[in-house]
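Visitor: Here it is: the structure, laid out below.
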Amino acid sequence: VRRVAVLTSGGDAPGMNAAIRAVVRTATHHGIEVVGVRRGFSGLHRGNLALIGPRDVANTIQRGGTVLLTARSKTWRTPEGRALGAGHLRAWGVDGLIVIGGDGSFHGAHALQEEHGIPVIGVPGTIDNDLYGTDHTIGYFTAVETALDAVDKLRDTGASHERIFVIEVMGRHAGHIALEVAVAGGAEEVFIPEDPKPVDGVVQIVKDSVAKGKASSIIIVAEGFPGGAQGVADAIEAGTGLETRVSILGHIQRGGSPVSSDRVLASRLGEAAVYALMDGVRGVMVGRENGAVVHTPLHETWEKRKDVSRDLYRCAKTLSV
Ligand code: F6P
């Protein structure tokens, strides 16, 4: 392997820069050149490629977002778009492509390898933590901290006004962020897509809370739960008459300086991605499970579903008495 390319794709996640840096520096350490692709697959089919070296990634490990920029590309979903991208990679003499992103990005990477034989390695970069084949994804830990900080602040105002706060967190179709934040934030109830229970149950929970002397309540809802936070809030107001406010945290959860766990995970997986290509491995995502690097075929990362921690879900319930 003499030259590898790297790109970030899909929603940005804190720690992506640490992953890019790890790829560049591991490759450099082993005498391999790195081509940086700007704007993900969108930049790849347009030919936004340039050589990058270790100094180009200096002072980036602590920065949120991605210095390579990212995009969600419609053109890449077409065979013509992928053929253009493959042409650019060949013209640059690239021996393998490292894709830092989520399942949509891995679909695109998989198709590129299938159709054009270019070896690809995926690095899990998404706040959603929804990829099979790794205990955690890069960006998840930071997103949880950011959401938790917001929950703590909303609790202050909720308690002062004796209101119910229904807070919606990101996660796409998964409830990992919601569940973690619910337990860490001491929420009364949590709604996740993995358990699409009827919302009317929350009415009794809130009534019971009031009867137990709780003046305010925090309810966490994952964006993927049917009806979202607004649906839950409407049910509470209709069923209890209590003053309820909705707060949708949104994209703030994707920003900010990555916490140490994300930086270290990104450093390890960026390194592992280069080693995989050097070892002739292709078509896998590098992840970490139980403290060790593991390789999972790209298609399994989206075909197999990573469940939320059922223990933690039970814990959330138990602790809300
Ligand atoms: O996948 C990351 C994520 O932030 C999801 O949690 C969310 O559903 C989605 O991306 C939002 O995407 P966009 O930035 O395109 O609005």
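Every read-out reported here was derived from the displayed coordinates using simple, explicitly stated rules and does not represent laboratory data. All values reported here derive from a predicted model rather than from experimental measurement. Here the Cβ positions follow ideal geometry from the backbone for every residue, glycine too, while neighbour counts run over all protein chains shown.
Visitor: At a Förster distance of 45 Å, what's the computed FRET efficiency of residue 184 paired with residue 299, Cβ-Cβ distance as r, to 0.05?
Guide: Working: r = 33 Å, r/R0 = 0.74.
Here the calculated transfer efficiency is 0.85.
Visitor: Taking every pair of Cα atoms in the stretch 251-321, average 1/r, invert it to obtain the Kirkwood radius, and report Rg/Rh to two decimals.
Guide: 1.09
Visitor: How fast does the chain diffuse by Stokes-Einstein, in µm²/s, taking the Kirkwood radius from C-alpha pairs at 10 °C and 1.306 mPa s? Walk me through the numbers on the way to the answer.
Guide: Working: Rh = 20.4 Å.
Estimated via Stokes-Einstein, D reaches 78 µm²/s.
Visitor: A further question on this structure: From Cα pairs below 8 angstrom and at least 6 apart in sequence, can you work out the relative contact order of the chain, rounded to a whole percent? Write out the running numbers ahead of the final one.
Guide: On the way: 753 pairs, mean separation 74.7, N = 321.
Once divided by the residue count of the chain, the mean separation gives 23 percent.
Visitor: Work out the length of the dipole vector of the stretch 243-320 about its Cα centre, built from +1 on the beta-carbon of each Lys and Arg and -1 on the beta-carbon of each Asp and Glu, and round it to the nearest 20 debye.
Guide: That gives a dipole near 240 debye.
Visitor: Could you tell me the extents of the stretch 148-295's C-alpha atoms along the three principal axes, largest first, rounded to whole Å?
Guide: Taking max minus min along each principal axis of the Cα atoms, the stretch 148-295 gives 63, 28, 25 Å.
Visitor: Once you place label points 7 Å from the Cα toward the Cβ at residue 163 and residue 312, how far apart are they in nm?
Guide: 2.8 nm
Visitor: Placing +1 on the Cβ of each Lys and Arg and -1 on the Cβ of each Asp and Glu in the stretch 1-127, which of 108, 6, 17 has its Cα farthest towards the positive end of the resulting dipole?
Guide: Value computed over the given set: 17.
Visitor: For the chain, with the dipole built from +1 on Lys and Arg beta-carbon atoms and -1 on Asp and Glu ones, taken about the Cα centre, which of 213, 122, 144 lies farthest toward the positive end?
Guide: Farthest towards the positive end: 122.
Visitor: Next question. Residue separation times 0.36 nm, minus the C-alpha to C-alpha distance between residue 279 and residue 234: what's the value? Can you show the working numbers first?
Guide: Working: separation 45, 0.36 × 45 = 16.20 nm, distance 5.50 nm.
Between residue 279 and residue 234, full extension yields an extra 10.7 nm.
Visitor: 7 Å from Cα along Cα→Cβ at both residue 214 and residue 50: what's the point-to-point distance in nm?
Guide: 5.3 nm
Visitor: While we're looking at this one, here's another question. Points 7 angstrom from Cα along the Cβ direction at residue 173 and residue 114: gap in nanometres?
Guide: 1.7 nm
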